[in-house]
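Okay, so here's the structure we're looking at.
The values are calculated or read from the model by the stated rules, or taken from the named source; none is laboratory data. All values reported here derive from a predicted model rather than from experimental measurement. Here the Cβ is made from the backbone with ideal geometry for all residues, glycine too, and neighbour counts use every protein chain on show.
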Amino acid sequence: MTDKILKVKNGDVAGSVNEFLKELLKSGKVHALLVMQEVPSKKISFPVLISDPGQLNANVFAPVLPVSTASIVSKITKFQAAEKLVGVVMHPCQIRALVELVKLNQASLENIVIIGVDCLGTFPLNIYTDFPEKKIPTQFILDAFKNKSKEAEKYLRSACLVCKDPVPVNADIVLGLYGADIGKEVFVEVCTDAGKKLLDGIKLDSKDVKGRENAVKVVREDKANKRDEFVKKKSSLKGIKVLSEFFDKCVNCHNCMKACPICYCKECLFDSSVFDAEAYKFLRKAESKGLFKMPNDSILFHLGRMNHMILSCVECGLCEQACPSDILLMDVFIPAAESAQKEFDYHPGKDPEEKIPMVVYQEDEYVEVGEA
Amino acid sequence: MNTVTIEINGSKYETEKGKTVLEVANENNIEIPTLCYHKALNPYGACRLCVVEILKDGWSELTTSCTLPVNDGLRVQTDSEKVVKSRKMTIELLLARCPEEEVLLELAEEYGIEKPRFKKKDDNCILCGLCVRMCERMGPKAISFINRGSDRKVKPPFEEHSEVCQTCGACAFICPTSAINLEEITKNKPIPILDEFDMGLRKRSVMHISYPQAVPNWPVIDSEHCIHLQTDQCGICKDSCEADAIDYDQKEQELEIDVGSVILSPGFEEYTLPKGDSYGYRVYPNVLTSIEFERILSASGPYQGHIKRISDGKSPKKIAWLQCVGSRDESCDRKYCSSVCCMYATKEAVIAKEHQPDVESHIYFMDMRSFGKDFDKYFARAQDEYGVVYRRCRIPRVEQDRTTKNLIIRYVDEDGSLKKETYDMVVLSVGLQPCKALGNLSKILDVNLNEYGFVETDPFSPVNTSQKGIYASGTVTEPKDIPESVTQASAAAAEAAKNIFEVRGTEITEKVYPKEKQVSAEFPRIGVFVCHCGINIAGVVDVKQVVEYAKTLPYVVHADDSIFTCSQDSQEMIKEKIQEFNLNRVVIASCTPRTHEPLFQDTLREAGLNPHLFEMANIRDQNSWVHKNVPRSATQKAIDAVRMAVSKSTDLYPVHHLKIPVVHNALVIGGGISGMQSALSIADQGYEVFLVEREPVLGGHLRDIYLGVNGEQPQELLKETVEKVNGHSRIQVFTGTTVEAVSGYVGNFKTKLTSEDKKVPAEIEHGIIVVASGGLPYEPVEYQYAKSDEIVTQTEFEKDLFDGKSYLKKLQEVVMIQCVGSRNDEHPYCSRVCCSQALKNALRFKEINPDATVYILYRDIRTYGFREDVLYQKARKKGILFVRYDENEEPEVNIDKGNITVKTFERVLRRPLHLHPDKLVLSTGIIPADNMVLAKQLKIPLNADNFYAEAHVKLRPVDFSADGIFLCGLAHSPRFIEESILQAKATSARAATILSKEYLETKGNIAYVTSRNCAGCKLCIEACPYDAITFDEEKKIVEVNEILCQGCGACSAVCPSGVSQQNTFTKRQILSMVDACLE
């Protein structure tokens, strides 16, 4: 499979990848790139849509995901497919989200070439911006990976700790770290014809790489085990009483919904006038129950949102990162996603042809709860 | 002053004078146990179980409540210590007398009595006297109490058999224990009234509903057995009916009606076996007819769908079906094939297996006639999936094992050896015969019957009888299955309508409604009406309590109850209340919206309110009927349901139905016999038709058919029809033209046409579409067809026969091979016409050349209906030789130096047969045309064989599920000319249901889209089963077609953002109900 490598110059992985991307832009292989790049203040990396190779300073391994790149691809392509080829450099979870958005008609992959990057995990925004270690976060996580050290794990977001799959699927090419000696090389995996076309004429070295497959298997198994453990540990979080307590701190800001790549509605049902009610309805509620917490619809919001998006949930954890009240949303959403998706044997982000269960009719589905 | 107020258990009740305390208690759901009370009979005070305590100043007394009349100020206690003590003693004494009686044991348990302290006797009569009073009410007074004290008992006078007893059984019916033994009362044996619909397999009462689907679904009195109508006694039903609906004076009436056409559809009767038949029917209890077995299989049948033997009630383990009983049998004068028995026996065998998987089902048959659309697939499934065993052998007689009542059948198996098999049950697949009434009816109407006793019709005008203006449909013209019957019914409707189309709608007066009140700006003013539904609701739910509760709800300005809210006077009352209280929302708590919503909505319209300002709380079907035993909870549930309905009603808003004008034109695609007949029939009903044919000439495959079965002339039909079509002022014919694109929807289609000569209009507008695009003849690749000029298809042979080619007389041996390109893996269906075509041609050939030998190599001969007699039996008599081959042993054809050899296996002689025909005729089937193109253009489905798939095989045989598109002819499935004509005419009747309307009206509960917020995810498009939602590529939002929307709500269920919602079920309305439910 992997037969191409990108040679790392002077041990600078990020810099070498930047040069590779620059080459793609310069050669006109892509008209523009969507890629993570440090903001001028150097505080953080953010996605940029860039067409000038001179200004490219990509930081694809920055362990941070401030916003959903899948949502950005949706924003760019939803109303009009890209006219010229755009390369989008994405984390595996964001590619999964993008596949879901394509199914939901919220993005177009026409003239989009996906450059997936092996993900080592990302840190919460405040940890990334005020990083307690002496190194800068990117260097820290790459060094930890190179040294096979687990020291970065303590900073990872919980979604990343139990990541569903840190290796990109459905990308056109993949920049592979797992199995590579990153002091010397990064794998460049070609997955599709579009990927092959992209690399056509780009100078890369060829090498017979055997370690990749096994390394990917090991990391996937490790993450799967961690995720299983996590799901098991959090499985007691259910029932209306427990969940009400869980969401106690919610301030109803709906940031989780705004951060979620799957929440694609133009206007969330829970922001709409559906929930406006006359004064007498509030008062009757107070009278019949004696008291009730205001605003009264926060638990309904979370469960309603979950009901709408959980089958497509790619477990990127951006909702949790966005929460100003530090509610550990993944504790509830990962186990819920696991059981809901299992119920319909649905795998979000895996296969663009797989239909969303909501629109699939199966005659023999749920016979035990329906009519005989 | 007729109203009095009494106090029961401390609560006050207003009631009428003349009632008893027990009656008032019953009305108000206050429980008082009784044994000797029945509301149809005079109270008696015998059992003393209903005692209550009358409270007076300073003292009290016990008395029976069934005999205690109410009077003002009466105070009673029904459950005081004194009362309970007295009841316990009564029960204990009764229990000592009748220690085994269920009803007493239950009471004892309820009152905590373990064992009576008194000496037990062994009786089962509690001396309540219900039977005596009942017998008195029935008239004869055949029984009464005799003796006194401990010898008291119920007997006829002198303890002898009564001479006056009428054996009605009312005494046994009313007895709360099981004390009545009719044999002691009368010498006569009671004769049960047998249920006609259940084929006498169970009893029914005098007052009965004929069958569950009866129309109208009302009870009727069997006047022959009704005691009131016979002797003027009884009359209990009239006393009991809360709606006062019993009318003993109804008489048969003679009505005179002016009509323009008559349709004759009296149906058929099943073949009745003569007495002393060889199957032992009526003698051996476990020999049944198929229709009796059908009732046994039915969940509403005598055994609730459990299969039981008549002799011992045991489940049979092995059942045999014997085919062709009263069909294909000259000996009983039923020379025709009944067409349906092969399939219904297969169905019964399959359902028997479904009900009871361990049952063995064997079917004994001659030819498997599964000729209909998808029938062969069902036949295959019966064998492969259900393990139904088919044995090709006609069974002449059935024997019975006297001790076990098992049945023995002797048959000849495929190897020719005689076998014996024992069955628990034998089902006779009886055929169809004309109904008895037809004889007289045909005389009154002066229509001819054919030699088989069915109504005579012309093959090419198959619903026309010999009498002008009288049409026939269904099994009255020939035995047939449901799809054909329904099709023929529509065809008859079309013919009937043609005669009178000019006066269509002239006798209809449109209802005028008052102008709708504007209520949007008002606060809700809700009226709640709670229905008793006689005792259906009020017998369980405390209606008064529900009404009182409703009055406390926000915005409710009026609440009331009525015995039957659906009755005319109640409707008037509701209208008055709407005016009186200026109501702008109405909530009715009653039966079910399924049956009554339209009625109540109409009442609102009559009162000037938008019909959608109405909400219904289902407190009968989903409440009182299912919670009979828990009245208190049922009342609470009714209260909750009313609160939810009231809450939703505050969020209701007026919904207006759109009226979309209908284009009164039709497009018929295909100019074969089906398309032409459809076009003619539509045009004859007064509508313009565009007839589009791909070929340069009209006629389709009819151009290749030359011979008729009964001497009719297909080429004459062709000529005549083409002339009529071309000369019809309302038909525009476009030959050499194809459909390029179709847009729009029912009532408003737009179609682009393309034609080589460019003379056709670029676009036509029409309200409906008929797909009559035909099929194709199968081109054989097997049997060396292309290798010899002496190997031809039936169609080619038919032309030569018609032309009377001279070579025909010189032929010595002709072999015909059936099922060429049919019933195989590539085309796993029967082409239906080939058997008849082969026989028709063989017979004609025999006429031309009687000395030649004709072999027909076949798998099953499928000459259903009268074709059995006029073709198959005739062919056998004419000496045509039939050799059956097996699916896996197809004949082999070889050509050696121009000589044809056909090798096949002769099953009777059990050896190979070598034939040397000088003409080999292949009976090739019909295959589907390239239907995919049109299927995509019209968004209509194909079946697995690539013929078009109708909406419902039986109920909508010529409709597509897409509104306004219809189907006929070979595009539907292989069929005969006359069957195609029937379908074609049927499409015209179906088309007229749309074309005759000025407007199509949208439904009220349709979906709407808030386009501003639509994210364009298209989930709703995929969820919509009616193709009613489309995507606007430019605006990237969805749109709902309001005519196509059927209001199922699937789109609003999948839409996460509330963009797609459904009128009358908006998210807000549903949320209001949920909130109210959780209050």
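Here is a yes/no grid of residues against (1) crowded, with 21+ Cβ neighbours inside 10 Å; (2) within 14 Å of another protein chain (Cβ to nearest Cβ):
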| residue | (1), (2) |
| --- | --- |
| A:Ser71 | yes, yes |
| A:Val88 | yes, no |
| A:Gln94 | yes, no |
| A:Lys146 | no, no |
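Can you tell me which residue is nearest to A:His91 (Cα to Cα) among those in region A:318-350 that are part of a loop (DSSP other than H, G, I, E, B) and without any contact (Cβ under 8 Å) to a residue 40 or more places away in the chain?
If we take residues in region A:318-350 being part of a loop (DSSP other than H, G, I, E, B) and without any contact (Cβ under 8 Å) to a residue 40 or more places away in the chain, then A:His347 is nearest to A:His91 (Cα to Cα).
Being outside the structural domain of B:Asp825 (by TED's automatic domain parsing), in a loop (DSSP other than H, G, I, E, B), among the polar types (S, T, N, Q) and surrounded by 18 or more Cβ atoms within 10 Å (Cβ to Cβ) narrows it down to one residue among B:Ser980, B:Ser961, B:Ser973; which is it?
Sole residue among the options that is outside the structural domain of B:Asp825 (by TED's automatic domain parsing), in a loop (DSSP other than H, G, I, E, B), among the polar types (S, T, N, Q) and surrounded by 18 or more Cβ atoms within 10 Å (Cβ to Cβ): B:Ser973.
Going by the structure shown, is B:Glu31 in a loop (DSSP other than H, G, I, E, B), among the charged types (D, E, K, R) and not assigned by TED's automatic domain parsing to the domain that holds B:His532?
yes
Return the residues of region A:282-297 that are more than 11 Å from B:Asp1075 (Cβ to Cβ), in a helix (DSSP H, G or I) and either over 42 Å from the mean Cα position of the chain (by Cα) or of a type in the set (A, V, I, L, M) (or both); say none if nothing qualifies.
Of everything in region A:282-297, those that are more than 11 Å from B:Asp1075 (Cβ to Cβ), in a helix (DSSP H, G or I) and either over 42 Å from the mean Cα position of the chain (by Cα) or of a type in the set (A, V, I, L, M) (or both) turn out to be A:Leu283, A:Ala286, A:Glu287.
List every residue pair whose Cβ atoms sit under 7 Å apart, with the two residues 6 or more apart in sequence or on different chains, where the first one lies in region B:1052-1079 and is on the phi > 0 side of the Ramachandran plot and more than 9 Å from every other protein chain (Cβ to nearest Cβ) and the second, anywhere, is in a loop (DSSP other than H, G, I, E, B) and surrounded by fewer than 22 Cβ atoms within 10 Å (Cβ to Cβ).
B:Thr1064/B:His612; B:Thr1064/B:Val655; B:Thr1064/B:Gly1004; B:Thr1064/B:Asn1005
Condition (residue is in contact with a helix residue (DSSP H, G or I) (Cβ under 7 Å, 6 or more places away or on another chain) and either more than 30 Å from B:Leu909 (Cβ to Cβ) or assigned by TED's automatic domain parsing to the domain that holds B:Gln715 (or both)) applied to region B:435-449: is it met by at least one residue?
Yes, some residue in region B:435-449 is in contact with a helix residue (DSSP H, G or I) (Cβ under 7 Å, 6 or more places away or on another chain) and either more than 30 Å from B:Leu909 (Cβ to Cβ) or assigned by TED's automatic domain parsing to the domain that holds B:Gln715 (or both).
Does B:Glu712 count as under 30 Å from B:Gln818 (Cα atoms) and at pLDDT below 95?
When the stated conditions are applied, B:Glu712 passes them.
Quick check on B:Thr1030: is it surrounded by fewer than 18 Cβ atoms within 10 Å (Cβ to Cβ), of a type outside the set (Asp, Glu) and within 9 Å of chain A (Cβ to nearest Cβ)?
Criteria not met by B:Thr1030.
Quick one: how many residues across region A:20-41 are surrounded by fewer than 17 Cβ atoms within 10 Å (Cβ to Cβ) and either under 17 Å from A:Gly176 (Cβ atoms) or free of Cβ contacts under 8 Å to residues at least 24 places away in the same chain (or both)?
Selection size over region A:20-41: 4.
Output the number of residues of region B:172-189 satisfying the condition of being outside any loop (DSSP other than H, G, I, E, B) and within 38 Å of the chain's Cα centre (by Cα).
The qualifying residues number 3.
Out of all the residues in region A:255-273, which are within 13 Å of chain B (Cβ to nearest Cβ) and surrounded by 18 or more Cβ atoms within 10 Å (Cβ to Cβ)?
A:Met257, A:Cys260, A:Ile262, A:Cys263, A:Tyr264, A:Cys265, A:Cys268, A:Leu269, A:Phe270
Please determine whether any residue of region B:238-247 is modelled with pLDDT of 90 or more and either in contact with a Pro (Cβ under 7 Å, 6 or more places away or on another chain) or of a type in the set (Ser, Thr, Tyr) (or both).
Among the residues of region B:238-247, not one is modelled with pLDDT of 90 or more and either in contact with a Pro (Cβ under 7 Å, 6 or more places away or on another chain) or of a type in the set (Ser, Thr, Tyr) (or both), which makes the answer no.
Only one of these is modelled with pLDDT under 95, more than 30 Å from B:Asp869 (Cα to Cα) and outside any loop (DSSP other than H, G, I, E, B): B:Ile535, B:Ile500. Name it.
None of the others qualify; the one that does is B:Ile500.
Just wondering, is there one or more residues in region B:1009-1025 that are in contact with a strand residue (DSSP E or B) (Cβ under 7 Å, 6 or more places away or on another chain), surrounded by 18 or more Cβ atoms within 10 Å (Cβ to Cβ) and away from every other protein chain (no Cβ under 14 Å)?
No: region B:1009-1025 contains no residue that is in contact with a strand residue (DSSP E or B) (Cβ under 7 Å, 6 or more places away or on another chain), surrounded by 18 or more Cβ atoms within 10 Å (Cβ to Cβ) and away from every other protein chain (no Cβ under 14 Å).
Across region A:157-185, what is the number of residues that are buried (at least 24 other Cβ atoms within 10 Å of the Cβ), among the acidic types (Asp, Glu) and not in a loop (DSSP other than H, G, I, E, B)?
Adding up the residues that qualify gives 0.
Have a look at B:Pro216, B:Pro140, B:Pro212, B:Pro192 and point out the one that is surrounded by 14 or more Cβ atoms within 10 Å (Cβ to Cβ) and either part of a loop (DSSP other than H, G, I, E, B) or assigned by TED's automatic domain parsing to the domain that holds B:Glu92 (or both).
B:Pro140 is the lone residue from the list that is surrounded by 14 or more Cβ atoms within 10 Å (Cβ to Cβ) and either part of a loop (DSSP other than H, G, I, E, B) or assigned by TED's automatic domain parsing to the domain that holds B:Glu92 (or both).
Taking only pairs six or more apart or across chains, which ones have beta-carbon atoms under 7 Å, a first residue in region B:539-566 that is among the acidic types (Asp, Glu), and a second residue that is in a strand (DSSP E or B)?
B:Asp560/B:Phe529; B:Asp561/B:Val530
Give region B:509-538 a look and list any residue that's closer than 13 Å to B:Tyr653 by Cα and either exposed (fewer than 13 other Cβ atoms within 10 Å of the Cβ) or without any contact (Cβ under 8 Å) to a residue 40 or more places away in the chain (or both), or say none.
Selection gives B:Gln518, B:Ser520, B:Ala521, B:Glu522, B:Phe523.
Return the residues of region B:1033-1051 that are within 12 Å of chain A (Cβ to nearest Cβ) and within 33 Å of the chain's Cα centre (by Cα); say none if nothing qualifies.
B:Ala1050, B:Cys1051
Within region B:633-657, work out how many residues are farther than 25 Å from B:Phe1065 by Cβ and touching a residue at least 12 places away in the same chain (Cβ under 8 Å).
2
Using the structure shown, decide if A:Phe301 is surrounded by 14 or more Cβ atoms within 10 Å (Cβ to Cβ), under 28 Å from A:Leu125 (Cβ atoms), over 17 Å from the mean Cα position of the chain (by Cα) and of a type in the set (A, V, I, L, M, F, W, C).
Taking the combined requirement at face value, the residue satisfies it.
Would you check which residues across region B:143-166 are part of a helix (DSSP H, G or I) and in contact (Cβ under 8 Å) with a residue 12 or more places away in the chain and list them?
B:Pro157, B:Glu159 - these are the residues of region B:143-166 that are part of a helix (DSSP H, G or I) and in contact (Cβ under 8 Å) with a residue 12 or more places away in the chain.
Return the only residue of B:Tyr211, B:Tyr248, B:Tyr279, B:Tyr271 being hydroxyl-bearing (Ser, Thr, Tyr), more than 30 Å from B:Ser298 (Cα to Cα) and in contact (Cβ under 8 Å) with a residue 12 or more places away in the chain.
Exactly one residue qualifies, and that residue is B:Tyr248.
Scan region B:476-489 residue by residue and report those that are more than 17 Å from the chain's Cα centre (by Cα) and of a type outside the set (D, E, K, R).
Within region B:476-489, B:Val476, B:Thr477, B:Pro479, B:Gln488 qualify.
Can you find a residue in region B:601-609 that is out of contact with any Leu (no Cβ under 7 Å at 6 or more places or on another chain), at pLDDT below 95 and assigned to a helix (DSSP H, G or I)?
no
When the residues of region A:186-206 are filtered to those that are exposed (fewer than 13 other Cβ atoms within 10 Å of the Cβ) and part of a loop (DSSP other than H, G, I, E, B), which remaining residue is nearest to the chain's Cα centre (by Cα)?
The extreme case among them is A:Asp200.
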